[in-house]
1. Checking the condition closer than 27 Å to Asp476 by Cβ and touching a Phe, Trp or Tyr at 6+ places or on another chain (Cβ under 9 Å), which residue from Arg596, Arg589 passes?
2. Taking the conditions exactly as written (out of contact with any Asp or Glu (no Cβ under 6 Å at 6 or more places or on another chain), surrounded by 13 or more Cβ atoms within 10 Å (Cβ to Cβ) and among the basic types (Lys, Arg)), does Lys159 satisfy them or not?
3. Among the residues of the range 60-75 satisfying the criterion of being open to solvent by 80 Å² or more (accessible area, probe 1.4 Å) and modelled with pLDDT of 80 or more, which is nearest to Met33 (Cα to Cα)?
4. Test Val532 against the stated conditions and say whether it is part of a strand (DSSP E or B), of a type in the set (A, V, I, L, M) and closer than 22 Å to Arg494 by Cβ.
5. Determine whether Lys86 is part of a loop (DSSP other than H, G, I, E, B) and free of Cβ contacts under 8 Å to residues at least 12 places away in the same chain.
6. Give the number of residues within the range 459-487 that are under 30 Å from the mean Cα position of the chain (by Cα), under 30 Å from Pro187 (Cα atoms) and not in a loop (DSSP other than H, G, I, E, B).
7. Can you tell me which of Val82, Val92, Val104 is of a type in the set (A, V, I, L, M, F, W, C), closer than 27 Å to Ala26 by Cα and touching a helix residue (DSSP H, G or I) at 6+ places or on another chain (Cβ under 9 Å)?
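The values are calculated or read from the model by the stated rules, or taken from the named source; none is laboratory data. In this text the structure is predicted, and so the values were computed from the model without any measurement. Cβ placement follows ideal geometry from the backbone for every residue including glycine, while neighbour counts extend to all protein chains displayed. SASA here: full protein model, heavy atoms, side chains in, ligands and nucleic acids out. Shrake-Rupley method; radii C 1.70, N 1.55, O 1.52, S 1.80 Å.
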Amino acid sequence: MSEALQQAGSIEAYFDVLDQWLDWEAEAERERMARRRAMRAAKDVERTGEALVNLKLVDHQTGLAGRFLLDFAKTGQDGLPVNRLKVGSPVVISDQNNLKDRGVAGVVSRRKRDLIQVATDTWPDAKRFRIDLSPDETTRRRQMAAMARARVAKGRSQKLRDLLLGKRPPRFDPPQNLTTVSKLNEPQTQAVQFVMSALDIAVVHGPPGTGKTTTLAEIIFQAVAQGDRVLACAPSNTAVDNLLEKLVAADPIDSGTVLRVGHPARVFEALRGHTLDEVVDNDPSAEVIRDMRREVQELIRTASRGNRGRDSNRRRGELFAEAGKLRGQIRSLERAVLRNVLDGADVICTTTTIDDDLLADREFDLVVIDEACQCTLPGIWQAVLRADRIVFAGDHCQLPPTVLSDQAAAEGMRESMMQHLVEREGDSIFRRLTVQYRMHETIMGFSSDTFYDNSLIADDSVKSHLLHDLPQVSNDQWTNSPLHFIDTAGAEYREEIEPDGESKLNRKEADLIIQIVAQMIASGVQPNDIGVIAPYAAQVRLLRHQLDYPGLEIDTVDGFQGREKEAILLTMVRSNDRQEIGFLADTRRTNVAMTRARRCLIMVGDSATLGGNAFYASLLEHFEQQDAYRSVWEFSNEF
């Protein structure tokens, strides 16, 4: 735990620290937005990844509860630049040529290589558009309000708060044998039994590929079977939808009682039938509401036309009054429908930024927080205050929460509550899933030894699978071995700063990656089975510009979190005489990158630069022990 929190002896002092972190984070967000708005040239604005400029509106449609779906693209350019505007991101659409335009709020609903779609309630008016990532003040306000309530909590919420802060111990009943709905392995079954025996809080530690989502779905099934109402949360919309997808697919719960709350544009398209908007829209009362709205519109049109009669003003007033009365009835009926739908749900799925106005004072027997290690400490309290029991699930050995303020990060804002619980309570609070269904056992080995106490076991279905086992893939140096490290030391593969930017790239490493990708595809590996990961956005931009295979994915470590590919190529970028490795020193990022690979992991890097760090020295030794280490000089005839 951070020193700032250790020194906060009282409940008040603890939440004072969290409040300060949120203030710093808000200030960092404002400074970033100000810098971005001040950038005039397109190349400067877009380099941050938080804005797209010079866009044209190329198509539109209506959907998602009557919202506009607007497609934007860059005419005359081959695709969009690398950006952080992901599905579900809040954005502002504004006039490219008018810096005073306050813009229209929207949400990214779809993105492709050459197109970005935004859902909005208002039609923006311009010839050329700019889309900016929007600071989400709603999230901060809700977190501040929840922490204010947590300070003075009473009853059950007070007990959970004190337990989370280490002021009382967690309690467990003896685990009971359960008849599971899902097909689980032994560690998964033990985790479910452990969680169901928890009287307060339990943690499920799910390393890569170990079936954490399947395990959480089973926990939810068991809770609903015993009559519990469940709130299933995660910090990202993608993580919420992954859990919802698992719940809907297994279907031991009546699908009508699993409800997804949130903006429909942030939800996987295949799951939108479970969103609150669509369930309400399909309610028998919805047609009555639509008829009433049409009647309101007709009343307003009639009143607006007016007439020249003596009683025209009185008549117009009566029409507007009648329309107002109908609007009130519509709102009352809509609230009743919403209340009935929410009350009828056994499981409500939402992000940890909970719409408190919508859920009102609803409490839940069980609250599940998935990807809990990506939640900041201020980000959990909305869910905690609604819980009787809590399950945290995730992996504190992978990516931490995203924090913009360097000051807040330095004081501990990148530490999660799940990490604190595991470090403080040890084995008594968590169960780890240990059988993984993704990686060849050789790819798994280093992460298992380094991060998971050598506890991971590769299931028989994946432990020896290779690329050449895939249909129509030939047997060669890349496809018949799971692990490769290509050392560029001494070959002048130097890092450099991106022109007009701050991010780093390595042109020779990029060239090497490009050639290996071409060889793998020539061997029969499909582009959509290959992922290229770079720790720096500049390297991603460089590779995306030069690699044009439909289906091939190139992204940062963050972009691949929660994903997997048959083959992963990892370019480490850093190569200098000072052994400086920057944020590669956060070894959790490298753990994430390496564990995205199923059958083949190829890492390209400079051992002279990386080897000065103990973690990477150990990693290089692991590659040598697996006979997977080669110098780039050995490829001189090929590259």
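1. Arg596
2. Details: out of contact with any Asp or Glu (no Cβ under 6 Å at 6 or more places or on another chain): yes; surrounded by 13 or more Cβ atoms within 10 Å (Cβ to Cβ): yes; among the basic types (Lys, Arg): yes.
Yes.
3. The initial filter retains those residues of the range 60-75 that are open to solvent by 80 Å² or more (accessible area, probe 1.4 Å), namely 60-62.
Still in the list and also modelled with pLDDT of 80 or more: 60-61.
Numbers: His60: 28, Gln61: 30 Å.
Checked the range 60-75; the qualifying residue nearest to Met33 (Cα to Cα) is His60.
4. Values: part of a strand (DSSP E or B): yes; of a type in the set (A, V, I, L, M): yes; closer than 22 Å to Arg494 by Cβ: yes.
So Val532 passes the test.
5. No.
6. Looking only at that region, the number is 2.
7. Working: Val92 fails: touching a helix residue (DSSP H, G or I) at 6+ places or on another chain (Cβ under 9 Å); Val104 fails: touching a helix residue (DSSP H, G or I) at 6+ places or on another chain (Cβ under 9 Å).
Going through Val82, Val92, Val104 in turn, the sole match is Val82.
Here is a yes/no grid of residues against (1) of a type in the set (S, T, N, Q); (2) closer than 30 Å to Phe68 by Cα; (3) open to solvent by 40 Å² or more (accessible area, probe 1.4 Å):
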position	(1), (2), (3)
Ile131	no, yes, no
Val181	no, no, yes
Ala191	no, no, no
Arg229	no, no, yes
